[in-house]
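Following: one structure in structure tokens, then a few remarks.
Just so you know, all these numbers are worked out from the coordinates, no wet-lab data involved. Quick caveat, the model's predicted, so the values are computed rather than measured. When we count neighbours, we look across all protein chains shown, and the Cβ atoms used for this are built from the backbone with ideal geometry, even at glycine.
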Amino acid sequence: MSVDINIKLSEDREKTTLTFSGGGDPEAKIDLTQKELEDLIRVLGIVHWSMADGKPIPEIKGAQLKPAYQTKWAIQRDKDTLGTLLAFQHPGYGAVGFVLADDQAKEFAKALQKSVRLKKPIKN
């Protein structure tokens, strides 16, 4: 069974319409506000996470990414693991974050420092 999903943003960019067709059922439409769309994306992410549970985490090197630019971010202590939580607002996915163990946080800090050093101009 194949289902086609068409997504259309309203001209005023206040709503989006999801249209489902195919699979032998009548066409169905859902109008969503930005908040409702954010909630749907969050719930789909949770379902995807559950489907991936127990499977190997794919390699990040070479993966196609859609980076978030000029976003708000925060670093805080994760209350469950006591690791370092790096959270940020992704324009497509909402608030997301990941937790680093202490050794990973140190490695992350070194990588950031190296990145900054590589950008500095060389003086003659």
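Annotations for the structure displayed:
- In the chain, helical runs assigned H by DSSP with n ≥ 4 each contribute -39500 (n - 2.57); averaged across all residues and rounded to the nearest 500, the mean residue ellipticity at 222 nm is -10000 deg cm²/dmol.
- Largest GNM mean-square fluctuation across Leu44, Leu112, Leu85, computed for the chain with C-alpha springs under 10 Å, falls on Leu112.
- GNM top mover of Lys106, Lys61, Lys114 - the chain, alpha-carbon springs below 10 Å: Lys61
- Proximal lysines relative to Lys66, as straight alpha-carbon distance under 25 Å, when same-chain residues fewer than 8 apart are discounted: Lys8, Lys15, Lys35, Lys55, Lys110, Lys114, Lys119
- Identified option (computed semi-axes √(5λ) of the Cα gyration tensor in Å; candidates (1) 37, 20, 16; (2) 21, 17, 13; (3) 37, 24, 15): (1)
- Comparing Cα centroids, the stretch 65-119 and the stretch 27-54 end up 24 angstrom apart.
- Counting other Cβ atoms within 10 Å as a rough exposure proxy, the listed residues Ser21, Ser2, Ser10 run Ser2, Ser10, Ser21 from fewest neighbours to most.
- Per-residue Cβ neighbour rank within 10 angstrom, fewest leading, Glu59, Glu27: Glu59, Glu27
- Principal-axis tilt of helix 102-119 within the chain, Cα atoms, nearest 10 degrees: 80 degrees
- Listed values for the stretch 68-73 are Karplus-derived 3J(HN,Hα) couplings in whole Hz (6.51 cos²θ - 1.76 cosθ + 1.60, θ = phi - 60°), namely 9, 9, 6, 10, 8, 9, and x replaces Gly and Pro.
- Against the chain, whose longest principal axis comes from its Cα atoms, helix 34-52 is set at around 70 degrees.
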